[in-house]
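Every read-out reported here was derived from the displayed coordinates using simple, explicitly stated rules and does not represent laboratory data. All values reported here derive from a predicted model rather than from experimental measurement. Every residue, glycine as well, gets a Cβ built from its backbone with ideal geometry; the counts of neighbours run over all protein chains shown.
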């Protein structure tokens with residue numbers, strides 16, 4: 001739960017950890033086969049990775065090659081290529097809704113960093129911003145999308161009582177590609193979304209509308225991540241109904257844990273009243289300061305909820321440690337923590353819980 005993975009930051013170090021020569025490990029890093037972050041240019045480029053990324057890459061390669069080599073030995077295989085990994089059965093699309101009825105707990109931070117993690121791990125990812133405050137939109141794009149957002153898609157549905165892929169695709173935008181060619185798609189939000197959704201209440205089964213919209217583009221993605229508003233409204237009900245999995249996000253304090261319990265109750269009520277069962281898949285605790293007595297008290301409450309109330313394995317309780325102003329800095333720069341070039345080691349360390357959950361999602365796919 002509290003990960004202190006060593007960050008490897010030289011080709012020699014990574015080569016020793018992987019068990020191949022520096023030329024081979026350079027190829028593995030440049031192709032994005034072993035996920036990493038980079039700093040510098042050309043001959044002076046440095047790669048940063050850790051055991052979580054390396055072990056995941058080894059497991060994926062073993063599966064993709066469909067042969068005996070396992071563990072670090074797989075990196076010596078002569079037929080390694082990015083195409084081999086791309087040939088893996090993706091297992092269909094899963095929709096993950098990021099949720100807590102309280103604001104300021106890190107839902108948008110979790111959305112962006114989880115989506116980035118999945119993208120760097122070779123997945124096709126779409127973020128759907130269902131918060132009228134447009135937090136994910138501003139985080140990734142740093143601009144407004146008035147009259148070219150999810151709002152337009154809802155209006156189209158309201159007018160015609162149906163929706164097709166051609167009505168959705170024009171409102172999907174892509175983030176800037178990273179060094180490895182990875183990017184995340186986004187359907188933006190805007191401030192007028194809340195008012196429009198109030199009118200949607202008059203339609204038949206309004207909580208199902210977002211699910212119908214997602215169905216039009218589902219085959220284009222491996223994961224769709226929904227960022228939600230900090231309130232119990234139609235946007236939240238739609239986002240939960242559309243989910244295959246709900247990921248709870250909180251901080252270890254009184255003002256976050258109480259709404260966390262209310263959010264669980266809200267999902268239970270929805271499950272009782274609709275023809276779909278939404279699975280609560282885990283909890284991410286943001287901004288945790290280990291050693292603080294009061295935070296530890298509320299962490300104990302969260303652990304009890306996780307184990308006793310939700311009956312989830314410990315591996316699905318992820319803790320993002322306090323990192324000073326790092327998260328504020330990356331959000332201001334519109335990047336995920338792993339892309340923080342100023343302090344790349346710290347960026348990777350903060351990113352590890354998001355990658356652990358992303359890896360868990362990929363490996364548990366049916």
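What does the helix-only formula give at 222 nm for the chain: each DSSP H stretch with n ≥ 4 adding -39500 (n - 2.57), the total divided by the residues, and the result rounded to the nearest 500 deg cm²/dmol? Present the calculation step by step, with values, prior to reporting the outcome.
Details: 15 runs with 156 residues, N = 366.
That calculation yields -12500 deg cm²/dmol at 222 nm.
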Requested in this report: Please determine, in degrees from 0 to 90 and to the nearest 10, the orientation of helix 254-273 with respect to the longest principal axis defined by the Cα atoms of the chain, where the helix direction is its Cα long axis.
Outcome: 70 degrees
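Jot down the per residue volume, in cubic angstrom and as a whole number, of the convex hull over the alpha-carbon atoms of segment 238-310. Write down the numbers at each step before the final one.
Details: hull volume 6.1 nm³, N = 73.
Per residue, the Cα convex hull of segment 238-310 comes to 83 Å³.
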Query raised in the report: Hey, in the GNM for the chain with a 10 angstrom Cα cutoff, which one of 98, 163, 269 fluctuates hardest?
Result: 269
Requested in this report: First check a/c for segment 4-112, with a ≥ b ≥ c the square roots of the eigenvalues of its C-alpha gyration tensor; if it is under 1.5, answer rounded, and if not, answer prolate when a/b is larger than b/c or oblate otherwise.
Outcome: oblate
Requested in this report: Measure out, as a whole number of angstrom, how far apart the alpha-carbon centroids of segment 137-178 and segment 198-244 sit.
Outcome: 13 Å
Query raised in the report: Using the alpha-carbon centroid of each, what span in Å lies between segment 329-366 and segment 88-107?
Result: 14 Å
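How high is the relative contact order of segment 276-335? Use alpha-carbon pairs under 8 Å, at least six apart in sequence, and give a whole percent. It would help to have the intermediate numbers written out before the result.
Details: 44 pairs, mean separation 27.8, N = 60.
Across segment 276-335, relative contact order equals 46 percent.
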Report task. Multiply the residue separation of residue 220 and residue 297 by 0.36 nm, subtract the distance between their alpha-carbon atoms, and state the gained length in nm to one decimal. Result -> 23.4 nm
Query raised in the report: Roughly what angle does helix 293-304 make with the longest principal axis of the chain, taking Cα atoms, 0 to 90 degrees, to the nearest 10?
Result: 80 degrees
Report summary line: Rounded to one decimal in nm, the spacing of the 7 Å Cα→Cβ label points at residue 161 and residue 73 is 6.3 nm
Requested in this report: Normalising by the residue count of the chain, find the relative contact order in percent from Cα pairs under 8 Å and 6+ residues apart.
Outcome: 21 percent
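How would you rank 300, 51, 159, going from fewest to most other Cβ atoms within 10 Å of each one's own Cβ? Walk me through the numbers on the way to the answer.
Numbers: 300 11, 51 14, 159 8.
Neighbour counts put them in this order, fewest first: 159, 300, 51.
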Report task. Treating the angle as unsigned and between 0 and 90°, give the value, to the nearest 10°, between the Cα long axis of helix 51-65 and the longest Cα principal axis of the chain. Result -> 90 degrees
Report summary line: For the pair residue 314 and residue 51, the simple spin-label estimate (label points 7 Å beyond Cα toward Cβ) gives in nm 1.5 nm
Report task. Specify whether the C-alpha gyration tensor of segment 201-333 places it in the rounded, prolate or oblate class, a ≥ b ≥ c being the square roots of the eigenvalues: rounded for a/c under 1.5, otherwise prolate if a/b is larger than b/c and oblate if not. Result -> prolate
Query raised in the report: So how far apart, in nm, are the two label points at residue 255 and residue 31 if each is 7 Å from Cα heading toward Cβ?
Result: 5.0 nm
Query - Extension gain from residue 66 to residue 142, taking 0.36 nm per residue of separation minus the Cα-Cα distance - result: 23.1 nm
